[in-house]
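Here is the structure we will look at, set down as structure tokens.
The values are calculated or read from the model by the stated rules, or taken from the named source; none is laboratory data. Keep in mind it's a predicted model, so treat the numbers as computed, not measured. Note that we place each Cβ from the backbone using ideal geometry, even for glycine, and neighbour counts take in every protein chain shown. Calculation scope for accessible area: heavy atoms of the full protein, side chains included, ligands and nucleic acids excluded. Shrake-Rupley method; radii C 1.70, N 1.55, O 1.52, S 1.80 Å.
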Amino acid sequence: KVFQAVVSCIGSDGTIYIIPKSFETALNKLMAEIQNTFKGLGLLIPYCWKKGEACVVRGSDTVWYRAKIVEVSGSILQVQYIDRGYIESIPQCHLYPTTFYTGVPPFCIPCQLYKTLPIGNFWQQEAVDYLQELLKNEEVEIHVEELPVNPWGKLSISLYFGGMSLSSFMAYQKYCVAEDGQDIQKLGVLEGDLSLSYLLQPLPVLGEIFPVTVTHVVSPKEMYICFDSSGNLTKCSATERAASHDSESLNKALKWCNKIVKTLPHLTNFKKELPCLAEYVDGLWYRAKLLSITQLVPVQILVQFVDYGTYLVAPTSRLRHIPCHLLKYPVQAVRVLLAGFRPASDDKNVERIPYSPEWSLKALWTMLDCVEGKRLSASILTVSPEVTISLYGDDKNLVHLKLIEMGLAELDE
């Protein structure tokens, strides 16, 4: 069985406690009931606590939780939050014995990684800390591999985060040995297969009008667009729905990659068009491809962020190998040319775009104002030799009409 779950905590022995997403509504309902039943402080009179006894605990967030006594040691008790998994030492005054809710099974499930042997036969503290930092409160995909013999035992699972196998990733980090290690190769294009490339985004049919966002403007005539299905998905074409799903899955996978990016090796080969991860000015890492070496000492590389169309000159310290599961998502940004207009022959503006001098800078800024942050739509006119589109503003008029009104462009039939 495969299901989505949230990791609630990692035990000191490496046990992974998960709460299936399908349990969340019932757990929230139970938590609300407990808050209504128990108010104020815990039990203030002396009480003889026993190991294994059911209770409710007032946590440091002042919320009451179901728990059981794990160890009794004077006035301090060690309890386990049965719906979260974690163990804590708590003064007796924050507990209350109860038989309420004991008929409801715990919502969190203790798990162990299937056919995965930690180095030294137990999870080292460093590995436990790493798992906690990586997984706590994150949503993951669980594949059930083997049920426990004892119903209170650990479920044997394969856990996937952002499309990566946790067993393979921890084995790559030298924290364990994974018996089923076929996924280890997937972890990264790690030492670089130079034949790899990105998939291209499938295009809507010619003439169909579809919503888009502009991610990068090169000139008034040339830009990069993404299909935008943030509106009503039921009205979107199959192409747009697929693009929306890909974009959502890619964003999740990139979020995970940003958590583990320091474990990915730096690039050592600078072949043109090679896929990689590159760090943008916001400090986050995105999918990119190499375009050229712009400087040799120190080495500076021109890269393009394939999901936006933007460019950056970066040192090698800001480039890393890309895990190959990130290559299964098509590039989100599509380079297009806008039809219906050309630079004005009588544009007297002296400041020109250096790389596209037929256009004035004023024309570029005007086009940016027309498309930036706007709800736009487009239709494809031709796909060869270049993808050429008509681009409409949120008022349903062609965006280039503003440039023509201002004398910055002229109609081109």
Check on residue 404, assigned to a strand (DSSP E or B) and at negative phi | no
Tally time: how many residues in the range 126-154 are in a strand (DSSP E or B), over 15 Å from residue 256 (Cβ atoms) and of a type in the set (Val, Ile, Thr)?
-> 2
State which residue is nearest to residue 228 (Cα to Cα) when the search covers only the range 375-400 and only residues that are free of Cβ contacts under 8 Å to residues at least 40 places away in the same chain and open to solvent by 70 Å² or more (accessible area, probe 1.4 Å).
-> 394
Check whether at least one residue in the range 262-272 is at pLDDT below 95, part of a loop (DSSP other than H, G, I, E, B), among the charged types (D, E, K, R) and crowded, with 20+ Cβ neighbours inside 10 Å, and report yes or no.
-> no
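Report, by residue number, each residue of the range 357-369 that is open to solvent by 20 Å² or more (accessible area, probe 1.4 Å), assigned to a helix (DSSP H, G or I) and either closer than 30 Å to residue 261 by Cα or touching a strand residue (DSSP E or B) at 6+ places or on another chain (Cβ under 9 Å) (or both). Write out each step before concluding.
If we filter the range 357-369 for residues that are open to solvent by 20 Å² or more (accessible area, probe 1.4 Å), which is where we start, we get 357-358, 361-362, 365, 368-369.
Pick out the ones that are also assigned to a helix (DSSP H, G or I) and you get 361-362, 365, 368-369.
Result: 361, 368.
Confirm whether residue 134 is open to solvent by less than 40 Å² (accessible area, probe 1.4 Å) and at pLDDT 95 or above. Give the derivation first.
Values: open to solvent by less than 40 Å² (accessible area, probe 1.4 Å): yes; at pLDDT 95 or above: no.
Considered against the rule, which asks whether it is open to solvent by less than 40 Å² (accessible area, probe 1.4 Å) and at pLDDT 95 or above, residue 134 comes out as no.
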Do you know which of the residues in the range 110-130 that are more than 10 Å from residue 12 (Cα to Cα), touching a helix residue (DSSP H, G or I) at 6+ places or on another chain (Cβ under 9 Å) and surrounded by 21 or more Cβ atoms within 10 Å (Cβ to Cβ) is modelled with the highest pLDDT?
-> 113
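For the structure I just gave you, tell me whether residue 350 is at pLDDT 95 or above and either more than 25 Å from residue 203 (Cα to Cα) or of a type in the set (A, V, I, L, M, F, W, C) (or both). Working first, answer last.
Values: at pLDDT 95 or above: no; either more than 25 Å from residue 203 (Cα to Cα) or of a type in the set (A, V, I, L, M, F, W, C) (or both): yes.
No: the conditions fail for residue 350.
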Residues 82, 87, 76: which one is among the hydrophobic types (A, V, I, L, M, F, W, C), within 30 Å of residue 40 (Cβ to Cβ) and free of Cβ contacts under 8 Å to residues at least 24 places away in the same chain?
-> 76
Quick one: which strands (runs of 3 or more DSSP E) sit completely within the range 275-356 and have at least 1 residues that are closer than 30 Å to residue 409 by Cβ, open to solvent by 10 Å² or more (accessible area, probe 1.4 Å) and among the hydroxyl-bearing types (Ser, Thr, Tyr)?
-> 311-315
Among the residues of the range 96-118, which ones are out of contact with any Asp or Glu (no Cβ under 8 Å at 6 or more places or on another chain) and assigned to a strand (DSSP E or B)?
-> 96, 109, 110, 111, 112, 113, 118
Of the residues that make up the range 59-70, is at least one at pLDDT 90 or above, open to solvent by 50 Å² or more (accessible area, probe 1.4 Å) and in contact with a Ser or Thr (Cβ under 8 Å, 6 or more places away or on another chain)?
-> no
For the range 189-203, what are the residues that are modelled with pLDDT of 90 or more and either exposed (fewer than 11 other Cβ atoms within 10 Å of the Cβ) or assigned by the TED database to the domain that holds residue 398 (or both)?
-> 200
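Give me the residue from the range 35-48 that is more than 34 Å from the chain's Cα centre (by Cα) and farther than 12 Å from residue 93 by Cβ and, out of that set, most open to solvent (accessible area, probe 1.4 Å).
Step one: of the range 35-48, the residues more than 34 Å from the chain's Cα centre (by Cα) are 36-48.
Right, trim to farther than 12 Å from residue 93 by Cβ and you get 36-39, 48.
On the way: 36: 111, 37: 65, 38: 24, 39: 142, 48: 97 Å².
Restricting to residues being more than 34 Å from the chain's Cα centre (by Cα) and farther than 12 Å from residue 93 by Cβ, the top hit is 39.
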Mind checking whether some residue in the range 319-337 is farther than 30 Å from residue 264 by Cβ and either free of Cβ contacts under 8 Å to residues at least 12 places away in the same chain or over 34 Å from the mean Cα position of the chain (by Cα) (or both)?
-> no
